[in-house]
1. Contact list please: Cβ distance under 7 Å, first residue in the stretch 36-63 and farther than 11 Å from T77 by Cβ, second residue among the polar types (S, T, N, Q), pairs at least six apart or on different chains.
2. Somewhere in the stretch 56-77, is a residue part of a helix (DSSP H, G or I), within 18 Å of the chain's Cα centre (by Cα), among the small types (G, A, S) and more than 23 Å from R156 (Cβ to Cβ)?
3. When you scan the stretch 49-61, how many residues do you find that are in contact with a helix residue (DSSP H, G or I) (Cβ under 8 Å, 6 or more places away or on another chain) and either of a type in the set (S, T, N, Q) or surrounded by fewer than 15 Cβ atoms within 10 Å (Cβ to Cβ) (or both)?
4. Would it be correct to say that G101 is of a type in the set (G, A, S), within 27 Å of W145 (Cβ to Cβ), under 34 Å from the mean Cα position of the chain (by Cα) and surrounded by 14 or more Cβ atoms within 10 Å (Cβ to Cβ)?
5. Taking the condition farther than 28 Å from E141 by Cα and without any contact (Cβ under 8 Å) to a residue 60 or more places away in the chain, does L73 pass?
6. What are the residues in the stretch 109-121 that are modelled with pLDDT under 75 and either exposed (fewer than 10 other Cβ atoms within 10 Å of the Cβ) or more than 35 Å from the chain's Cα centre (by Cα) (or both), if any?
7. Among (1) in contact with a helix residue (DSSP H, G or I) (Cβ under 9 Å, 6 or more places away or on another chain); (2) modelled with pLDDT of 80 or more; (3) surrounded by fewer than 12 Cβ atoms within 10 Å (Cβ to Cβ); (4) of a type in the set (K, R), there is one condition R65 misses while meeting the rest; what is its number?
Amino acid sequence: MSVPDARTDGERWYGRLFAVGAIGILSLLLLRIAEPFVGPLAWSIFLAFLLNPLQRRLTALLRGRDSWAALILTTVTFLLFVGPLSVVGALFVAQASELVGLLDTRMSSWQITSMDDVASLPALARVIDWVEAHFATSSDEIQRWVLSGARNVLSRASALGGAAFVGASTLGQQHRLERAEIVRKRIGQVHESN
């Protein structure tokens, strides 16, 4: 015999509301955790889809040795994609540090210590005055926009190199999983024949 539920409809509704709210909050937190992996996973899926025909041909050339084919393909992919991206990243960092050094020497020679000193430069003063007049904004807001934009560009540029590296290294994993599936099928066929 079941015991009747002593809770009212309002109590049930609040319990359900709490459960839905908790699930929603936990889902958002889970998405925040998974967000850094979306780019590398997209790269790995793209590369696996693109290189799968080459993997099959290479496996056939190596007489069914798909582990060797995966190793060769992963190494070549790494060298073709990650190598140039690393060089471009290193050049980017070198140029950025050179630019920072040049700006530092110019700022010290022009005696710039704050945003107000930058706004006093004739070329920038006209631009800042025009923006303030036409868009109803202040030089402090412009400074925040410029800094935010620069941080955004630099973080995306650094993330792109990292995503390409993880995507290329994940490609070999996909081939190992395919090999494991083939082995499982063969074991299943052996058990069926016995």
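1. Going by the 7 Å Cβ cut-off, the qualifying pairs are P40/T170.
2. Within the stretch 56-77, the subset part of a helix (DSSP H, G or I) is 56-61, 66-77.
Now restrict to residues that are within 18 Å of the chain's Cα centre (by Cα): none.
So far as the stretch 56-77 goes, no, none of its residues is part of a helix (DSSP H, G or I), within 18 Å of the chain's Cα centre (by Cα), among the small types (G, A, S) and more than 23 Å from R156 (Cβ to Cβ).
3. Within the stretch 49-61, the subset in contact with a helix residue (DSSP H, G or I) (Cβ under 8 Å, 6 or more places away or on another chain) is 51, 54-55, 58-59, 61.
Filter again for either of a type in the set (S, T, N, Q) or surrounded by fewer than 15 Cβ atoms within 10 Å (Cβ to Cβ) (or both), leaving 54-55, 59, 61.
Counting residues in the stretch 49-61 that are in contact with a helix residue (DSSP H, G or I) (Cβ under 8 Å, 6 or more places away or on another chain) and either of a type in the set (S, T, N, Q) or surrounded by fewer than 15 Cβ atoms within 10 Å (Cβ to Cβ) (or both) gives 4.
4. Values: of a type in the set (G, A, S): yes; within 27 Å of W145 (Cβ to Cβ): yes; under 34 Å from the mean Cα position of the chain (by Cα): yes; surrounded by 14 or more Cβ atoms within 10 Å (Cβ to Cβ): no.
No, not satisfied.
5. no
6. Step one: list which residues in the stretch 109-121 are modelled with pLDDT under 75, which gives 110-121.
Within the stretch 109-121, W110, Q111, I112, T113, S114, D116, D117, A119, S120, L121 qualify.
7. Among (1) in contact with a helix residue (DSSP H, G or I) (Cβ under 9 Å, 6 or more places away or on another chain); (2) modelled with pLDDT of 80 or more; (3) surrounded by fewer than 12 Cβ atoms within 10 Å (Cβ to Cβ); (4) of a type in the set (K, R), the lone unmet condition for R65 is (3).
Conditions tested, residue by residue: (1) in contact with a helix residue (DSSP H, G or I) (Cβ under 8 Å, 6 or more places away or on another chain); (2) in a helix (DSSP H, G or I); (3) at pLDDT 75 or above; (4) over 29 Å from P36 (Cβ atoms).
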| position | (1), (2), (3), (4) |
| --- | --- |
| S86 | yes, yes, yes, no |
| Q95 | no, yes, yes, no |
| I128 | yes, yes, yes, yes |
| H134 | no, yes, yes, yes |
| G149 | no, yes, yes, no |
| A163 | yes, yes, no, no |
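The values are calculated or read from the model by the stated rules, or taken from the named source; none is laboratory data. Since the model is a prediction, treat every value here as computed from it, not as a measurement. Virtual Cβ from ideal backbone geometry, glycine too; neighbours counted across all protein chains shown.
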